[in-house]
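The values are calculated or read from the model by the stated rules, or taken from the named source; none is laboratory data. The shown structure was predicted, so the numbers you read here are calculated from the model rather than taken from an experiment. Cβ: placed from backbone, ideal geometry, glycine included. Neighbour counts: every protein chain shown. Note: areas computed on protein heavy atoms with side chains; ligands, DNA, RNA excluded. Shrake-Rupley method; radii C 1.70, N 1.55, O 1.52, S 1.80 Å.
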Amino acid sequence: NAGVTQTPKFRILKIGQSMTLQCTQDMNHNYMYWYRQDPGMGLKLIYYSVGAGITDKGEVPNGYNVSRSTTEDFPLRLELAAPSQTSVYFCASSLSGETWYFGPGTRLTVT
Amino acid sequence: ELKVEQNPLFLSMQEGKNYTIYCNYSTTSDRLYWYRQDPGKSLESLFVLLSNGAVKQEGRLMASLDTKARLSTLHITAAVHDLSATYFCAAVTGTASKLTFGTGTRLQVTL
């Protein structure tokens with residue numbers, strides 16, 4: 001199993017550009033999550049999903065959108081990127097909410 | 001809303017010394033997690049604590065949980081340089097088992 005994979009690893013965006021962060025898991029997990037981690041801080045929940053077709057907002061959803069059309073994929077869309085979205089983004093998955101598996105992260109800079 | 005607080009935020013300790021990191025959470029939580037993060041890396045799972053009085057140990061690290069006090073501790077025994085990292089606690093809330101993270105404790109072990 002590859003576990004949780006994220007692409008890209010790094011990205012630099014200009015203000016106002018859009019992009020999609022990809023997240024895929026091959027463990028057939030129902031639960032998937034997107035977190036962001038600002039420098040020197042803990043992780044904050046952006047969006048989560050409990051299964052295909054079901055998504056919900058977390059603590060900091062503004063400026064982001066998600067979709068979950070399959071069990072494996074949970075892409076995070078940034079529309080109109082802003083400097084405040086400069087962060088490291090982690091995707092995570094869990095089968096039933098007991099053990100989490102985190103991806104390697106995507107480091108995003110918006111200038 | 002679940003809030004998780006850790007202290008201290010930064011800890012510099014000498015090799016061979018003992019110390020404890022504290023994690024308080026604000027509302028009832030099913031489970032308490034400890035993670036380690038090295039610079040530029042993802043999160044590595046250390047412990048999951050499932051019930052009141054739970055104690056787990058791995059090497060020089062020992063974690064405990066007091067659900068009545070809403071307190072978890074991570075005790076470091078005879079610190080070594082390899083333990084230098086940032087340690088996060090996280091508590092679970094809600095039917096989707098969302099993880100709420102503390103701000104982290106940056107541990108620096110000096111020779």
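Just checking: which of the strands (runs of 3 or more DSSP E) contained wholly in region B:1-86 hold 2 or more residues that are open to solvent by 40 Å² or more (accessible area, probe 1.4 Å) and within 14 Å of chain A (Cβ to nearest Cβ)? Even if it seems obvious, please write down each step before you answer.
Working: elements: B:4-7, B:10-14, B:19-25, B:32-37, B:43-49, B:55-58, B:61-66, B:71-76.
Here the list reads B:4-7, B:43-49.
I need a count of the residues in region A:24-53 that are over 12 Å from the mean Cα position of the chain (by Cα), more than 9 Å from chain B (Cβ to nearest Cβ) and within 21 Å of B:Arg36 (Cβ to Cβ).
Residues flagged as over 12 Å from the mean Cα position of the chain (by Cα), more than 9 Å from chain B (Cβ to nearest Cβ) and within 21 Å of B:Arg36 (Cβ to Cβ) within region A:24-53 amount to 2.
Residues are listed down the side, and each one gets a yes or a no for (1) on the phi < 0 side of the Ramachandran plot; (2) surrounded by 21 or more Cβ atoms within 10 Å (Cβ to Cβ); (3) not β-branched (Val, Ile, Thr):
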site: A:Val4; (1), (2), (3): yes, yes, no
site: A:Leu13; (1), (2), (3): yes, no, yes
site: A:Tyr48; (1), (2), (3): yes, yes, yes
site: A:Tyr89; (1), (2), (3): yes, yes, yes
site: A:Phe102; (1), (2), (3): yes, yes, yes
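Quick one: count up the residues across region A:54-92 that are assigned to a loop (DSSP other than H, G, I, E, B) and within 14 Å of chain B (Cβ to nearest Cβ). Please lay out each step first, then the result.
Initially, region A:54-92 is screened for residues assigned to a loop (DSSP other than H, G, I, E, B), giving A:58-63, A:67-72, A:74-75, A:79-82, A:86.
Filter again for within 14 Å of chain B (Cβ to nearest Cβ), leaving A:58-61, A:68, A:74.
The total comes to 6.
From the list B:Thr110, B:Thr95, exactly one residue is facing another protein chain (nearest Cβ under 10 Å), open to solvent by 10 Å² or more (accessible area, probe 1.4 Å) and on the phi < 0 side of the Ramachandran plot. Which is it?
Numbers: B:Thr110 fails: facing another protein chain (nearest Cβ under 10 Å).
After applying the criteria, what remains is B:Thr95.
For B:Ala78, only one of the following conditions fails: (1) free of Cβ contacts under 8 Å to residues at least 60 places away in the same chain; (2) over 26 Å from A:Ser87 (Cβ atoms). What is its number?
(1)
How many residues, within region A:67-84, are crowded, with 21+ Cβ neighbours inside 10 Å and touching a Lys or Arg at 6+ places or on another chain (Cβ under 9 Å)?
The qualifying residues number 2.
So which pairs qualify, if the first residue must be in region A:1-21 and under 21 Å from A:Thr71 (Cα atoms) and part of a strand (DSSP E or B), the second must be open to solvent by less than 50 Å² (accessible area, probe 1.4 Å) and among the aromatic types (Phe, Trp, Tyr), the Cβ gap must be under 7 Å, and the two must be at least 6 apart or on different chains?
Filtered contacts from region A:1-21: A:Val4/A:Phe102; A:Leu21/A:Tyr89.
Can you tell me which residues in region B:98-107 are facing chain A (nearest Cβ under 9 Å) and in contact (Cβ under 8 Å) with a residue 40 or more places away in the chain?
Within region B:98-107, B:Leu99, B:Thr100, B:Phe101, B:Gly102, B:Thr103, B:Gly104, B:Arg106 qualify.
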